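For reference, the structure discussed in these notes is given below.
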There are 2 protein chains.
Amino acid sequence: MTENRGQLVIIGGAEDREGDCKILREFLRLAGGHQARIVIMTVATGLPEEVGETYTKAFERMGAEDVRIVDTATREDANSSTALEAIEKATGVFFTGGDQARITSIVKDTELDAAIHKRFAEGIVVGGTSAGAAMMPDIMIVEGDSETNPRIDVVDMAPGMAFLPGVVIDQHFLQRGRLGRLVSALAQQPAVLGFGIDENTAVVVKGNQFEVIGEGAVTVADVANITHCNVDSLLKDEPLAICGVKLHILPHGYRFDLEKRSPIV
Amino acid sequence: MTENRGQLVIIGGAEDREGDCKILREFLRLAGGHQARIVIMTVATGLPEEVGETYTKAFERMGAEDVRIVDTATREDANSSTALEAIEKATGVFFTGGDQARITSIVKDTELDAAIHKRFAEGIVVGGTSAGAAMMPDIMIVEGDSETNPRIDVVDMAPGMAFLPGVVIDQHFLQRGRLGRLVSALAQQPAVLGFGIDENTAVVVKGNQFEVIGEGAVTVADVANITHCNVDSLLKDEPLAICGVKLHILPHGYRFDLEKRSPIV
């Protein structure tokens, strides 16, 4: 991971958008506060106007003067000059919720994708909630039943937008009982760390550390030192066995070292 | 733990009662099969006749010839000679679901309690599902929100029926997203092991080992070697932080050594 890239605000969904908006406020502050130029990417959602409006209002209430919606319904849209110009000026890019597969199928490997990554490397903040959180790693959970036993067929993985390599992210984590789904994903990608982010909760990634903000907790699952896993001999509808998973449950204010794979206490 | 005590069949709720009844079948087999004398304890439920009937039919369909319902609505009932005689002859005692606090408030420290423990020490099998599973340890989860962040105030603990000391048991585990609740319980009882038992899944305890049977998995959580926990400085509505929890997710056929706190692979 490079040290001079920007920051990430990765939200587990259902963040406060009408009260004191602690998480969105932090995103805006990191993007430059009053001086921020925010782009809201509504590509994930089927209701871009409604969702875009909600975030525009929230950021404007907090004093943001330059908030634009970039909605891309097609890959052509994602190569348009309007979209690219907005990103070129942005100090913060925010991905709404919806379907993470829409984000990658429409934006990944377009000029817009390259432009956001370029700005990110220059130090701007990139945020996302729910689907906009799931797409952050280089490999993402596309779909999969929650509330079922860990099985390989409950979770489909696909390439993500690669803002945060080396992890896999699940959202609405405790609210939707997604431990089984996250562990199933990790069993297939044992080198990565799993982040289960609760609703109205976020990780703010700076360099090789993150800090938790918000109401809930972030569950970090680490399978690097497991003592047993049956994934290699498993047919896809059979239940997963995995022994020695390490879990850290981190609420507001706790920090984590991504390189050492360890909480900073 | 004594070696000559009986066996336990601890079920995470919603076990099959009408199909091939794999878990109830194993309970019946351990209790002596055709020769079994089964007592169904309906104390936990508000619908004792209906629930008692369901289990009676299930066991009779599998060939059990002697199935009796013992329903105790009061502590007087739990000291009655009818109940005591039924237990004295039983080779298997099965606790239905309902409310685990009803089991302990009505049965704990009665003659019936002593009689079941005496028969258990003599080698009979004791089973329970849902509330009948939660009550098995010496300390049990009474109630607590699922699907919320781990907080001390989400979980109330109380003395259990003490068939399996040294653990705490939660049921409907993945189905109801109870990781936070189980971890909150463990933070207050760090010496014990946590068992999160999925629906239609059971642990069969023999001596110092258990084996998993059924459709789902058993999640064993071990906080013996945690590196950080904020429970001592926590006000009750504040979120719990806990680092270094060890998890084992064990499906059908997997065994676990309770003394070594380790899966047998």
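Quick notes on this structure:
- If you wrap the Cα atoms of region A:216-265 in a convex hull and average its projected area over all directions, you get 4.8 nm².
- With 29 Å as the limit on Cα-Cα distance, the pairs of A:LYS206/B:LYS246; A:LYS108/B:LYS246; B:LYS22/B:LYS206 that go past it are A:LYS108/B:LYS246.
- Normalised contact order of region B:88-136, rounded percent, pairs of Cα under 8 Å and 6 or more residues apart: 63
- DSSP finds beta bridges in the protein assembly as shown, and of those with both partners inside it, around 65 percent are antiparallel.
- Copies compared at B:GLU238 - label distances in nm, ascending, label defined 7 Å from Cα in the Cβ direction: 4.7
- Antiparallel DSSP beta bridges within region A:161-265, as percent of all bridges there, nearest 5: 85
- With Cα atoms as the point set, region B:100-249 shows a radius of gyration and Dmax of 15.3, 46 Å.
- Candidates A:HIS228, A:HIS248, A:HIS34: whichever shows maximal mean-square fluctuation once chain A is modelled as a Gaussian network with Cα springs under 10 Å: A:HIS228
- Mean residue ellipticity (222 nm) of the protein assembly as shown, computed from DSSP H runs ≥ 4 via -39,500 (n - 2.57), nearest 500: -7000 deg cm²/dmol
- R0 of 22 Å, Cβ-Cβ distance B:GLN209-A:HIS228: FRET efficiency to nearest 0.05: 0.85
- Beta bridges per DSSP with both ends in region A:121-203, % antiparallel, nearest 5: 45
- Relative contact order [Cα under 8 Å, 6+ residues apart], chain A, whole percent: 19
- Averaging the Cα positions of each part gives two centres, and for region A:180-240 and region B:124-201 these lie 23 Å apart.
- Highest-fluctuation residue, A:LEU30, A:LEU179, A:LEU235 considered, GNM on chain A with Cα pairs under 10 Å: A:LEU235
- 14 Å cut-off, amide nitrogen to a point 7 angstrom out along A:ALA191 Cα→Cβ, residues in region A:238-265: none
- Alpha-carbon Rg/Rh ratio, for chain A, with Rh computed the Kirkwood way: 0.97
- Residue closest to axis [chain B; rotation mapping onto A; Cβ; Å]: B:GLY177, 1
- To the nearest ten degrees, helix A:48-61 and the longest principal axis of the Cα atoms of chain A are 70 degrees apart.
- FRET efficiency for the B:GLU238 to B:SER81 pair, using the beta carbon distance and R₀ = 60 Å, is estimated at 0.75.
- Placing a label point 7 Å from Cα along the Cα-to-Cβ axis, A:THR54 is separated from the same position in the other copies by 3.8 nm, shortest listed first.
- For B:GLN188, label point 7 Å along C-beta direction: distances to other copies, nm: 3.9
Read the figures in this text as sums done on the coordinates, not as results from a lab. Bear in mind that the values here come from a model prediction, so they are computed numbers and not experimental data. Methodologically, a virtual Cβ is constructed for each residue, glycine included, from the backbone with ideal geometry; neighbour enumeration extends over all protein chains shown.
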